[in-house]
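First comes the structure, then the notes that go with it.
The values are calculated or read from the model by the stated rules, or taken from the named source; none is laboratory data. Computed from a predicted model, the values in this text were never measured in an experiment. Counting neighbours? That spans all protein chains shown, and the Cβs are built from the backbone with ideal geometry, glycine included.
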Amino acid sequence: MNLPDDDFTPASLADDELLSDLRVVVSRRTPPADLLVGASIGRYEIRAPLGEGGMARVYRAVDTASGDEVALKVLKPEYQTSPDISRRFAQEAQTMGRIKHAHVARIFDTPEDGSVRAIAMELLPGGSLRDLLLRGAKRRRRLRVTAVVRFMLQAARGLGAAHAVGIVHRDIKPGNLMIDGAGRVKVVDFGVVLALERATWLTGVGKPIGTPAYMSPEQCRGERVCPASDVYALGVSLFELLTGRLPFVEEAASPFALMLKHIQEPPPDPRRLRGRTPDWLAEVVLRCLQKDPKDRFADGAELAKALADQEEVAPPPVRSDKTPAPQRINVAAVREQMQRLPQRAIVAWACRCARRVQQFNPDPRLERSLAMAEEFVYGAPRIEETDTLTQALGRVKRLRNASFRAAYHADAEMPVRGASQAALAAAAASACAAARCAADAAADAAYVAQQAIAALDASGVPLTDFWQGAQRDYHRLLSASVGAEGTVGDILPHNFWPDRPPGGPQGLATAR
């Protein structure tokens, strides 16, 4: 379905890029050829693939009994033999079946064929609001404010229906807000939370629970979520639809740094990016993006009322933005060069960078955070094919929690200059080990270097020794046989480095 052009308005300053969904994976593997196209599951004949998530693929299919087209969500083969995952997949259908609302995708059936399980649901041919955003960005046009309000009002009403029966979505974003043939928004993919409900930002191999760009502060911290957590994510989506960009974007594309922004930084006022945003709507957005769930709209229904009534909402207190750390490295170049290494080598490099500045903040909690990350590099193998998904998730959760505990000390008043940046470097190194994907680890490693250099700069220490040491470390890792690019890589021997924290010849993107 093509939406009319009058839903768009020209953008004064369009961002060239939108932050893509960040991925966290246990291993990188080439997907097998899709053998289901042309097959049948129950009375549903599969015609074509539509997309996939962490644990399931979605197909266009035909109900041979009625001739109607449906969307068929099928559990991936690697998960079909797991009784626990199969049970949770079945729970998704039960969960969505409990929500009866015009703005939530309908469930028709749960067919099975041997071990193959599927969910037949409403086919939504209009694409997603993510597709609409990308279409507008390509044409340098933004959605009209009236269209944004209409879409978000419908999404909030659908979420309100879920909240009314005790269901929290946990992964609201434009990609999960689909458009039907009549141009109405429908909320989809409630099952993402049920796949592994004890995980915080993993739904299994490949996808995050709560995509970091849209996650609430309490989700980032691994705390219990509530309907107001979905309100926060919808507020991020509303901000993005209004302005064409996300409220929080990290230059290094570091998942850890992005989540830290959700926790610590005040959201920007959308009126700064789109001057004609109505005051009442900007205040709704800012209330959705409050750090404390109690300061947001309580649930989707309350947000829907605010959008429908266009009532005045008191603006939240605005804190002054923090002065950004000086940019002294080309983080994009560092990130790109890091991706030439296997993941353990990336983490090793990040930890070495962090340790070079820990004299500015010798907090023992930072030491424990770094030690956990280094255990991934030098310790006994823990992330192998024999590990269960639960064990892998448990390790990621411990590392993630250690990194955020370390980062919290960056906010404290410390007498030593550079202490807060040193804390962030240590925290990001721990998050680098938790990333579980070479691309994300590389982004976090670039952020470690960025914060380490900021710590040195704040303390008036020359950068030459730090950067020469980082270059030597990089080349030593690159020339060693420690695993192929993009893989987890081999465990490094404890005597891998000729010195203790630092030490070898040039190679990384140089400091500016």
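Is at least one residue of segment 104-118 farther than 19 Å from Leu238 by Cβ and among the aromatic types (Phe, Trp, Tyr)?
The answer is yes; a qualifying residue exists.
Would you be able to say whether some residue in segment 351-358 is of a type in the set (Gly, Ala, Ser), within 19 Å of Ile491 (Cβ to Cβ) and either part of a loop (DSSP other than H, G, I, E, B) or assigned by TED's automatic domain parsing to the domain that holds Ala431 (or both)? Lay out the reasoning, then the answer.
Taking segment 351-358 as the starting set, the residues that turn out to be of a type in the set (Gly, Ala, Ser) are 354.
Narrowing the set further to residues that are within 19 Å of Ile491 (Cβ to Cβ) leaves none.
Among the residues of segment 351-358, not one is of a type in the set (Gly, Ala, Ser), within 19 Å of Ile491 (Cβ to Cβ) and either part of a loop (DSSP other than H, G, I, E, B) or assigned by TED's automatic domain parsing to the domain that holds Ala431 (or both), which makes the answer no.
If you scan segment 209-256, which residues turn out to be among the hydroxyl-bearing types (Ser, Thr, Tyr) and more than 24 Å from Leu307 (Cα to Cα)?
Selection gives Thr211, Ser254.
Quick one: Arg472 ticks every box in (1) surrounded by fewer than 21 Cβ atoms within 10 Å (Cβ to Cβ); (2) modelled with pLDDT of 90 or more; (3) more than 20 Å from Ala438 (Cβ to Cβ) except a single one, so which number is it?
(1)
Since Ser86 meets every condition but one in (1) closer than 20 Å to Val187 by Cβ; (2) surrounded by 16 or more Cβ atoms within 10 Å (Cβ to Cβ); (3) not aliphatic (A, V, I, L, M), which condition does it not meet?
Only one criterion in (1) closer than 20 Å to Val187 by Cβ; (2) surrounded by 16 or more Cβ atoms within 10 Å (Cβ to Cβ); (3) not aliphatic (A, V, I, L, M) is unmet by Ser86, namely (1).
Tell me which residues, restricted to segment 100-147, are basic (Lys, Arg), under 22 Å from Arg60 (Cβ atoms) and in the same structural domain as Pro77 (by TED's automatic domain parsing).
Arg106, Arg117
Any residue in segment 477-488 that is over 16 Å from Gln337 (Cβ atoms) sitting within a Cβ distance under 6 Å of a residue that is among the polar types (S, T, N, Q) and buried (at least 18 other Cβ atoms within 10 Å of the Cβ)? List the pairs, counting only those 6 or more apart or interchain.
So the pair list comes out as Val488/Gln343.
Going by the conditions given, is Gln421 at pLDDT below 90, at negative phi and among the polar types (S, T, N, Q)?
yes
Looking at Ala213, Ala253, Ala228, Ala233, can you tell me which residue is of a type in the set (Gly, Ala, Ser), at pLDDT below 95, in the same structural domain as Asp292 (by TED's automatic domain parsing) and crowded, with 23+ Cβ neighbours inside 10 Å? Give the derivation first.
On the way: Ala253 fails: crowded, with 23+ Cβ neighbours inside 10 Å; Ala228 fails: at pLDDT below 95; Ala233 fails: at pLDDT below 95.
On inspection, the qualifying residue turns out to be Ala213.
Which one of the conditions (1) among the polar types (S, T, N, Q); (2) farther than 30 Å from Arg276 by Cβ; (3) buried (at least 19 other Cβ atoms within 10 Å of the Cβ) does Asn176 fail to meet, given that it meets all the rest?
Condition not satisfied by Asn176: (2).
Are any residues in segment 265-309 closer than 21 Å to Arg170 by Cβ and assigned to a helix (DSSP H, G or I), and if so, which ones?
Within segment 265-309, the first condition is being closer than 21 Å to Arg170 by Cβ, and the residues that meet it are 267, 285, 287-304.
Val285, Arg287, Cys288, Pro293, Lys294, Asp295, Gly300, Ala301, Glu302, Leu303, Ala304, listed by residue number.
On the given criteria, is Gly235 small (Gly, Ala, Ser), over 12 Å from the mean Cα position of the chain (by Cα) and in a loop (DSSP other than H, G, I, E, B)?
Working: small (Gly, Ala, Ser): yes; over 12 Å from the mean Cα position of the chain (by Cα): yes; in a loop (DSSP other than H, G, I, E, B): no.
Against the criterion (small (Gly, Ala, Ser), over 12 Å from the mean Cα position of the chain (by Cα) and in a loop (DSSP other than H, G, I, E, B)), Gly235 does not qualify.
So, in segment 136-174, exactly how many residues are assigned to a helix (DSSP H, G or I) and at pLDDT 90 or above?
Residues of segment 136-174 that are assigned to a helix (DSSP H, G or I), as a first pass: 136-138, 145-164, 174.
If we keep only those that are at pLDDT 90 or above too, we end up with 145-164, 174.
Matching residues across segment 136-174 total 21.
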